[in-house]
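The values are calculated or read from the model by the stated rules, or taken from the named source; none is laboratory data. No experiment lies behind these values; they were computed from the predicted model shown. Cβ sites come from the backbone with ideal geometry, for glycine too, and all protein chains shown count toward neighbours. Remember, those area values only see protein heavy atoms, side chains included, never the ligands or the DNA or RNA. Shrake-Rupley method; radii C 1.70, N 1.55, O 1.52, S 1.80 Å.
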Amino acid sequence: MYLAGVACVVPEAMVRNHEIVELIDYHSRGIYDGNLRSMLTEVGAKIARTGIVSRHWRTSKERPFALLRRACDEALAKSGVTASEVDFVIYAGVDRGFAEPANACFVAKELGMRDARTFDVADACLGWSTATEIAQGMFASAPGAIALVVSAEFPMRPNGAVLPECFTIATHEELDWKFPAFTLGEAATASVLVGDGPAWQYSHEAHNEFADLCSVALAPANDYAGASARLSDEPRGSFRAYGSELALQTYKPAVRVLRDALMGDDSPRIVFPHSVIGPYIESVVRRVSPHLTVFSTFSDMGNVATSSLPSCVARARDQRIIQPDDVPLAWVAASGLKVSAFRIVQASL
């Protein structure tokens, strides 16, 4: 399987760290039960330590679907593939507009793909990885077929699951699960996969006992899961991510899958992570292999969930940081809890 073309589109507005602190100040004033100024100073310093500098959020004039259409057009143009040649459309984003039908149906309709098979993948931040693996499995019975994998991550809509809920701090303890929201960015990506060439090799590890460490609930969570104090009992959608505990529980599995993906072969020289803590990711990679360089979009795009990996690949290809014969590694951890690493085989740039 080859990655023939990939594109990433971000909204116009750039939001810097100090603006995040200002939002927390605005929504928490008169509500926080401690020293607000001290809390804001602490949060600002913690945000800076993650390595993020900015992230992009859409304005009221920008529609997620329009940004996704731009990403699709660009990826198809880069790959030399026309919309009519696409056999499968897979929507892999965490953020989605429809429970039914598949969001991929509307992408195919917009692009005029009347006969393309369409379906969604819901696998948290592992969505792009899982979608590529499913595409590869489908190619086994349809060699030479073409898949379009898309993601539209736009969680910062007013009165949604994140804003202002995660920016309204009443107690210091709430930061345990609200802090990860402060690094969220928005982006749309599209990737064109061609069902020829060598198989991509995947390494996985899952720990479902930690499924409640990060969740985006669409309804009262305990109606659809066993009782857990980590799940929200709000009647509407909510986002909760216990970042420190996630990092602790992810470390060893993430190291193991990255080592498995290398399999004693030092030929991969670049790893693209789904990064939520830049310096932490780099230190882990250095422990696994001194030959690997981390290339991440986290510092200026933030955590864009399923769009993280394809955004890294798109930018690295555009900047000629990877060459046509490079086989970079993708490395991602996701709520669930699960981790994955795999090699990306490219078509000629």
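Computed from phi, the 3J(HN,Hα) profile of the range 201-214 under the Karplus parametrisation 6.51, -1.76, 1.60 (θ = phi - 60°) reads 9, 10, 10, 10, 8, 10, 9, 5, 5, 10, 4, 8, 6, 8 Hz, with x in place of Gly and Pro. A straight Cα-to-Cα reach below 27 Å connects LYS109 with the lysines LYS61, LYS78, residues fewer than 8 places away in its own chain not being considered. Near ALA347, once Lys and Arg are set to +1 and Asp and Glu to -1 for all other residues with Cβ below 13 Å from its Cβ, the sum equals -1. For the chain, modelled as a GNM whose springs connect Cα atoms under 10 angstrom apart, the maximal fluctuation among ASN303, ASN222, ASN103 occurs at ASN222. Straight-line reach from LYS338: taking Cα to Cα under 16 Å and skipping same-chain neighbours fewer than 8 places apart, the lysines in range are LYS252.
Using a simple spin-label model with pseudo-atoms 7 Å out from Cα toward Cβ, ARG256 and GLU12 lie 4.9 nm apart. The packing ranking, built from the mean of other Cβ atoms within 10 Å per residue, places the peptides 165-172, 88-95 in the order 88-95, 165-172, highest first.
Seen from GLY144, the other residues with C-beta closer than 13 Å to its C-beta sum to a net charge of -3, counting Lys and Arg as +1 and Asp and Glu as -1. Taking amide H positions as modeled 1.01 Å from N, with prolines and chain starts lacking one, the residues under 5 Å from TYR91 and 5 or more places away or on another chain are ALA104, PHE119, ASP120, VAL121, VAL150.
Within the range 202-252, which chymotrypsin sites (Phe, Trp or Tyr not before Pro) sit in a loop by DSSP and count at most 14 neighbouring Cβ atoms inside 10 Å? Answer in residue order: TYR224. Ordered from highest to lowest accessible area with the whole protein assembly present and a 1.4 Å probe, GLU174, GLU19, GLU209 read as GLU209, GLU19, GLU174.
Cα axis of helix 308-318 to longest principal axis of the chain: angle in degrees, 0 to 90, nearest 10? The two axes meet at around 50 degrees. Site pair SER84 and ALA170 shows an inter-label distance of 5.9 nm when each label is modelled 7 Å from Cα along Cα→Cβ.
For the range 40-95 and the range 154-201, write down the distance between their C-alpha centroids in whole Å. Taking the Cα centre of each part, the range 40-95 and the range 154-201 sit 11 Å apart. Under a Gaussian network description of the chain, with springs only between Cα atoms under 10 Å, the residue in SER141, SER308, SER54 that fluctuates furthest is SER141. Computed over protein heavy atoms with a 1.4 angstrom probe, the accessible surface ordering of ARG69, ARG49, ARG317, largest first, is ARG49, ARG69, ARG317. Per-residue 3J(HN,Hα) values for the range 112-118, derived from phi via the Karplus relation 6.51 cos²θ - 1.76 cosθ + 1.60 with θ = phi - 60°, read x, 8, 5, 9, 5, 6, 10 Hz in sequence order (x marks Gly and Pro). Take the solvent-accessible surface of the protein heavy atoms, probe 1.4 Å, and return the percent of it on the chain that carbon and sulfur atoms account for. Using a 1.4 Å probe with all protein chains present, the chain comes out at 52 percent carbon and sulfur. Net charge in the neighbourhood of ALA4 (other residues with Cβ under 12 Å of its Cβ; Lys, Arg +1, Asp, Glu -1) is 0. Working from Cα pairs under 8 Å separated by at least six residues, relative contact order for the chain is 25 percent.
Between the range 302-321 and the range 205-250, the alpha-carbon centres lie 27 Å apart. Counting only heavy atoms of the protein chains and using a 1.4 Å probe, ASP25 has close to 40 Å² of accessible surface. Springs between Cα atoms under 10 Å define the GNM used for the chain, and in it the highest mean-square fluctuation of PRO273, PRO310, PRO324 occurs at PRO324. You can think of it this way: the chain between ALA45 and ALA219 has 59.3 nm of extra reach, that is 0.36 nm per residue less the Cα-Cα gap. Nearest 10 degrees, 0 to 90: what angle lies between the long axis of helix 127-139 and the longest principal axis of the chain (Cα atoms)? Helix 127-139 sits at roughly 20 degrees to that axis.
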